[in-house]
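Just below is one structure, and these are the notes that go with it.
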Amino acid sequence: MSIVGLPDTAVKESSERVSAAIKNTKLDLPLRKITVNLAPANIKKEGSAFDLPIALGILAANGLIKQDNLSKYIILGELSLDGRIRPIKGALSMAAMAKKEGFHGLLVPLENSAEAAVVNALNIYPVETLPQAMEFLNGTTQIEPRRIDTQEELFNGSSYEIDFTDVKGQHHVKRALEIAAAGGHNILLMGPPGSGKSMLAKRIPTILPSLTLQEAIETTQIHSVLGLLKNSSGLLLTRPFRSPHHTISDAGLIGGGRTPQPGEISLSHNGVLFLDEMPEFKRNVLEVLRQPLEERSVSISRASGSLTYPANIMLVGALNSCPCGFKSHPRKECHCTPIQIKKYLSKISGPLLDRIDIHIEVPSIEYKEFSSNSVGEASSKIRERVEKARKIQLERFKNSKIYCNCNMTTRQLKTHCHLEESSQKIMALAMDKLGLSARAHDRILKVSRTIADLGSEESIRSEHVAEAIQYRSLDMGNWA
Ligand SMILES: Nc1ncnc2c1ncn2[C@@H]1O[C@H](COP(=O)(O)OP(=O)(O)OP(=O)(O)O)[C@@H](O)[C@H]1O
Ligand SMILES: [Mg+2]
Ligand SMILES: [Zn+2]
């Protein structure tokens, strides 16, 4: 058997799997030379999903399957040597395409049927073996199409296993996270090891607005492309939280490869991308984040054309106070020199820092607080306030392309962030006395706007500005 039409290695090897599967399920493999032509010939064929359609095509050519039934369905699946059908990648996107092209239905491996069924109003037939697929196409076996009520799944299943009630103390950090969530601001957490930075970051998705169906489908689609969905759940029901290790490559982070695959930033789409130990990331890796953060999507161009993946994320960075980590620790001693500290912090470049609106210190909590029985506020309560503030923003930006304070342009800042005289005074004082830059000025304005929105206040008052100024500790130079 030979396969033509730009097959990659996995597709070429398909001939071995297909002939073994046909033989091992006691079906007839014609004793002639078989040429499988994958048309159109100019498009590269990748992956193992062609196994099942190739096998069925051969059986049909041999007169074992009714030809006209074949054309009604899109058929996908990898074959194992014994004829069982194994899962593939990207079933959701292919189901969406099948619906758009007006196909009657989709034959997919059982493991992929839930994700494919996310595309409602298309018949998704889960198949487990080659003979079963053949009998189905011949009408001798019925298969119940897989259905998923996406609305209901989302309604019932969108709860998190973690909650802000687990976090003791750290009230000012929680407040900063609430503001960040409310305005969609990127945030930087700074503090000694063990102070709870990772613990806090992981809980941010729990206070972001509830996932909409559209958002859930978008995010699921990206996870489907990489084959990362678990069998049972068709739809990703919660906002993603991704925490790549600092040794990650730039392609791993923003996407890449010969046929561009989505990276961590797209896997975090509609959720949180957490960069723990941010200064440890390679500089070029952090640099490539800048554009996607601005554009909320990633474009990867290749000779074969360019591809765009969505990347609407909240970036959360964490770093220690200094290379040893104990600079801001109440009792432990730090031996880092000012030069070492400066060098450590400077690894996060200015332009990237520019896209992070809020910096917050996370101190180690005292044993007294840690051992107390007081229970913190629940994520659901915080989320209610966040959603209220987001509603105000949706109304504010209804005639523009943005929907969050964090994305305001300089023009929009002028229109929506007018400062009263008392607020202007505080801002001027901060700029002069603390040596804040012009770029810090705009960040402060945006965050002030969000703080006012959280309080349902039309105008930005002096206390809003004063609070926002506190969230620029890295600019104030009182850190290094
Ligand atoms: N405020 C807190 N309330 C309850 N538990 C806490 C709190 N802070 C820290 N902990 C406990 O300490 C553990 C360590 O916290 P975490 O890993 O989040 O710290 P970290 O700041 O990320 O440290 P590192 O810099 O080493 O990554 C948590 O798993 C949690 O059990
Ligand atoms: Mg950590
Ligand atoms: Zn130190």
*Which of F274, F326 comes first, and how do the rest follow, when ranked by fewest Cβ neighbours within 10 Å?*
F326, F274
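I need the GluC sites (Glu not before Pro) found in the range 148-199, filtered to DSSP loop residues with at most 13 other beta carbons within 10 Å of theirs.
Working: sites: E152, E153, E161, E178; in loops: E161.
Qualifying residues, ordered by number: E161.
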*For the range 157-401, what class follows from the C-alpha gyration tensor (a ≥ b ≥ c being the square roots of its eigenvalues): rounded when a/c is under 1.5, otherwise prolate if a/b is larger than b/c, else oblate?*
oblate
*Tell me, how many Å apart are the Cα centres for the range 256-332 and for the range 358-373?*
27 Å
*Output the peptides 328-337, 445-454 sorted from most to least packed, where packing is the average of other Cβ atoms within 10 Å over each peptide's residues.*
445-454, 328-337
*Of the beta bridges DSSP finds with both residues in the range 2-138, what % are antiparallel, to the nearest 5?*
20 percent
*What whole number of Å gives the distance from the Cα centroid of the range 413-451 to the Cα centroid of the range 57-105?*
59 Å
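By count of other Cβ within 10 Å, fewest leading, how are K89, K197 ordered?
On the way: K89 22, K197 25.
So the ranking, lowest neighbour count to highest, is K89, K197.
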*asked:* List the residues, sorted by chain then number, that are 5 or more residues from R86 or on another chain and whose placed amide H is less than 5 Å from its amide H.
replied: E78, L79, S80
*Take the Cα gyration tensor of the range 2-138, multiply each eigenvalue by 5, square-root it, and list the three semi-axes largest first, rounded to whole angstrom.*
22, 17, 14
*Classify the range 408-480: rounded, prolate or oblate, from the alpha-carbon gyration tensor (a ≥ b ≥ c, eigenvalue square roots; a/c under 1.5 rounded; otherwise prolate if a/b is larger than b/c)?*
prolate
*asked:* I need T9, T206 ordered by Cβ neighbour count within 10 Å, fewest first.
replied: T9, T206
_If each DSSP helix of 4+ residues adds -39,500 (n - 2.57) and the sum is divided by the residues in the chain, what number results at 222 nm, nearest 500 deg cm²/dmol?_
-11500 deg cm²/dmol
_Ratio of the Cα radius of gyration of the chain to 2.2 N^0.38 Å, where N counts its residues_ = 1.18
*What is the helix-to-structure angle for 438-454, meaning the angle in degrees between its Cα long axis and the longest Cα principal axis of the chain, kept from 0 to 90 and rounded to the nearest 10?*
80 degrees
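What percent does the relative contact order of the chain come to when contacts are Cα pairs within less than 8 Å and at least six residues apart? Kindly include the intermediate steps, with their values, before the conclusion.
On the way: 876 pairs, mean separation 64.2, N = 480.
Computed over the chain, the figure is 13 percent.
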*By how many degrees, 0 to 90 and rounded to 10, does the Cα axis of helix 51-61 deviate from the longest principal axis of the chain?*
20 degrees
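Read the figures in this text as sums done on the coordinates, not as results from a lab. Because the structure is a prediction, the values reported are computed rather than measured. Backbone-built Cβ (ideal geometry, glycine too); neighbour counts: all protein chains shown.
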